[in-house]
Amino acid sequence: MARTTIVVSGALANKPGNGGEAWVRMSWATGLRRLGFDVWFIEQIDRDFLAAGHPETYDSAPASFFKEVVQQFDLADRSALIDDRGHSLVGPHREELEEVAAQAELLVNLSGHLDLPFLFDRFPRRAYIDLDPAYTQFWHESEGCAARLGGHHYFFTVGLNVGRATCDVPANGIAWRPLPPPVVLDHWPVSNGDFTRFTTVASWRGSFGSLQHGGRRFGAKAHEFRKFLALPKHVGRPLEIALSIHADDHRDLHALRQIGWRIVDPGMVAATPDSFRTYVQGSAAEFSVAQGIYVETACGWFSDRTTRYLASGKPALVQDTGFSDHYRVSRGLVGFRTLREAVRGAERIACDYEQHCRAARLLAEAHFNADVILGRFVEQVGVAP
């Protein structure tokens, strides 16, 4: 009997050298495949971005990254990279992809990534997965098509509070369904070890920077980091960031180092899915702040990266975006809003480390298990293997 086909679309080649982002997309593809579906991964990319420097062959870093990742996750014969004119660059040609879309029951559209009509319009069910809550809704309210919400039948968001009275994000008349980020637990076994250092993988400015909406200005991730710049002075534990930071931010970089932050190059420690996993599992715990917009709107965003730490048995000390409305933040997962709370949280984790490690894995199993989350997801959209 033929299996039900689901197509997942998201930014992979669009984010070359970013192992963490690759895990986000592949968790969906491999998680749905574990449930018994025939899964394809199709990515749409801007032709000029892909062909930079290699206009004839498209032998570029984005295309190479795409091929390496889909090969690693056994999707090489079920994947395609197409440009914004519909030309196939990696994988099957347009005619075969049209056939795949026509036979599929569902498009899982991460951040509305796929919008080419010759494919998009063929899917009988289209689910929009919002990975950037607040940005998505504000863009939609002010610019309409900018967020690519049109034409979808179902709307899910990792902003667990979107649509609730406690959240400042407008639902815009859309029935947003909360969806925690899924992690395939078998890919992230517990990694035991002694307490060494807090780490995270981050971009100083974040993906989108600051945003203005309704007379308010929402800061970038850098603004949140600066609030906790002094943390190493108060915590007698090493704090390390695999930090992507622009050359123009050299003053911030100098300040981080002067205060005691360890800075490493994410291109050296997290450029591939394997290296990203090795870095996370070689850490003792995570410390991270969130994008200012997530914090200020209390949208309940929860990081995919943090789910990997928890699954690995690594406690997470992370800035509360409203996720404490849904998860117990005591052992394993510790939230903070102020520098004082962050200092206390770091000491709690370090002083009772083994208990926090056990609790971290239990949290991942209870709240972020891809088998459970994606099982509920496919029920909600009405498809079965």
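Each value in this text was obtained by applying a stated rule to the coordinates, not by laboratory testing. Computed from a predicted model, the values in this text were never measured in an experiment. FYI the Cβ positions are ideal-geometry reconstructions off the backbone, even for glycines, and counts take in every protein chain you see.
Computed extension gain for Leu362 through Ser142, at 0.36 nm per residue and net of the alpha carbon distance, reaches 75.1 nm. For the range 19-34 and the range 151-197, what is the separation of their C-alpha centers, rounded to whole Å? Answer, in whole Å: 14. Using Cα pairs under 8 angstrom and six or more residues apart, how large is the relative contact order of the range 185-367, in percent? Value for the range 185-367: 24 percent.
If you count, for each residue, the other Cβ atoms within 10 Å and average over each peptide, how do 93-99, 33-39 line up from highest to lowest? Can you show the working numbers first?
Working: 93-99: 14.0, 33-39: 18.9.
By packing density, highest mean first, the sequence is 33-39, 93-99.
Each of His326, His213, His113 has some number of other Cβ atoms within 10 Å of its Cβ, and from fewest to most they run His326, His213, His113. Ranking of Val372, Val334, Val289 by neighbouring Cβ atoms within 10 Å, starting from the fewest: Val372, Val289, Val334.
The modelled label-to-label distance for the pair Arg94/Gln212, using points 7 Å beyond Cα in the direction of Cβ, is 4.1 nm. Here Lys221, Lys227 are placed in order of increasing Cβ neighbour count within 10 Å, fewest first, which gives Lys227, Lys221. Counting only residues at least eight positions apart within a chain, or on another chain, the lysines with an alpha carbon under 26 Å from that of Lys67 are Lys15.
Out of every Cα-Cα pair in the chain, what percent are more than 25 Å apart?
Details: 41041 of 73920 pairs.
That fraction is 56 percent.
I'd like the orientation of helix 370-381 relative to the chain: the angle between its Cα long axis and the longest Cα principal axis, in ° from 0 to 90, rounded to 10. Taking Cα atoms only, the helix is inclined about 50 degrees. The simple Förster model, with R0 at 35 Å and r as the Cβ-Cβ distance, assigns Ile263 and Val190 a FRET efficiency of 0.80.
Based on the Kirkwood radius over alpha-carbon pairs, what value in µm²/s does the Stokes-Einstein equation return for the translational diffusion coefficient of the range 185-367 at 37 °C and 0.692 mPa s?
199
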